[in-house]
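Student: Here it is, the structure in full.
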Amino acid sequence: LIAGPARSGSSFHIDPNATSAWNICLSGEKKWVLFPPHVVPPGVHPATDGSSLATPPTPLEWFLNCYDSAVQAPPHLRPLEAITR
């Protein structure tokens with residue numbers, strides 16, 4: 001079980017084990033920003049072996065500094081966005 005306070009979130013990550021998870025929003029909202037598998041999000045730098053990310057930005061840093069360029073990218077490079085309530 002993972003729970004977080006307001007304005008918390010998960011930084012970009014790669015799941016090397018291809019695990020599955022159920023996610024539920026008990027209170028408030030959760031914004032999802034999902035990129036196609038072939039797209040490296042702006043501001044994110046994968047490790048050379050592709051197994052992890054080298055110093056991923058925090059969610060707040062990414063939304064402040066990289067979000068606008070992500071949603072203004074060509075359509076095939078843009079993220080899919082959703083909000084759960």
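Student: Restricting attention to region 46-85, which residues are assigned to a loop (DSSP other than H, G, I, E, B), of a type outside the set (D, E, K, R), farther than 20 Å from Ala18 by Cα and within 13 Å of the chain's Cα centre (by Cα)?
Tutor: Correct list: Pro57, Thr58, Cys66.
So that you can scan it fast, the table gives a plain yes or no per residue for (1) in contact with a helix residue (DSSP H, G or I) (Cβ under 8 Å, 6 or more places away or on another chain); (2) of a type in the set (A, V, I, L, M, F, W, C):
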residue: Ile24; (1), (2): no, yes
residue: Gly28; (1), (2): no, no
residue: Lys31; (1), (2): no, no
residue: Val40; (1), (2): no, yes
residue: Leu53; (1), (2): no, yes
residue: Phe63; (1), (2): no, yes
residue: Ser69; (1), (2): no, no
residue: Pro79; (1), (2): yes, no
residue: Arg85; (1), (2): no, no
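Student: State all residues of region 8-42 that are outside any loop (DSSP other than H, G, I, E, B) and under 11 Å from the mean Cα position of the chain (by Cα); if no residue qualifies, say none.
Tutor: Once the filter is applied, which keeps residues that are outside any loop (DSSP other than H, G, I, E, B) and under 11 Å from the mean Cα position of the chain (by Cα), region 8-42 yields Lys31, Trp32, Val33, Leu34.
Student: Could you tell me which residue of region 40-58 is nearest to His76 (Cα to Cα), considering only residues that are hydrophobic (A, V, I, L, M, F, W, C) and open to solvent by less than 60 Å² (accessible area, probe 1.4 Å)?
Tutor: Out of the qualifying residues, it is Val44.
Student: Which numbered condition in (1) on the phi < 0 side of the Ramachandran plot; (2) open to solvent by 60 Å² or more (accessible area, probe 1.4 Å); (3) at pLDDT below 80 is the only one that Pro5 fails?
Tutor: The failed condition is (3).
Student: Are there any pairs, at least 6 apart or on different chains, whose C-beta atoms fall under 9 Å, with the first in region 15-28 and of a type in the set (S, T, N, Q) and the second modelled with pLDDT of 80 or more and surrounded by 10 or more Cβ atoms within 10 Å (Cβ to Cβ), and if so, which?
Tutor: Cβ pairs passing all conditions: Asn23/Lys30; Asn23/Trp32; Asn23/Thr84.
Student: Considering only region 15-39, how many residues are among the β-branched types (Val, Ile, Thr) and surrounded by 13 or more Cβ atoms within 10 Å (Cβ to Cβ)?
Tutor: Looking only at that region, the number is 2.
The values are calculated or read from the model by the stated rules, or taken from the named source; none is laboratory data. Everything numeric here is computed off the predicted structure, so don't read it as measured data. No Cβ is skipped: glycine too gets one built from the backbone with ideal geometry, and neighbour counts run over all protein chains shown. Accessible surface areas use protein heavy atoms only, side chains included; no ligands, DNA or RNA. Shrake-Rupley method; radii C 1.70, N 1.55, O 1.52, S 1.80 Å.
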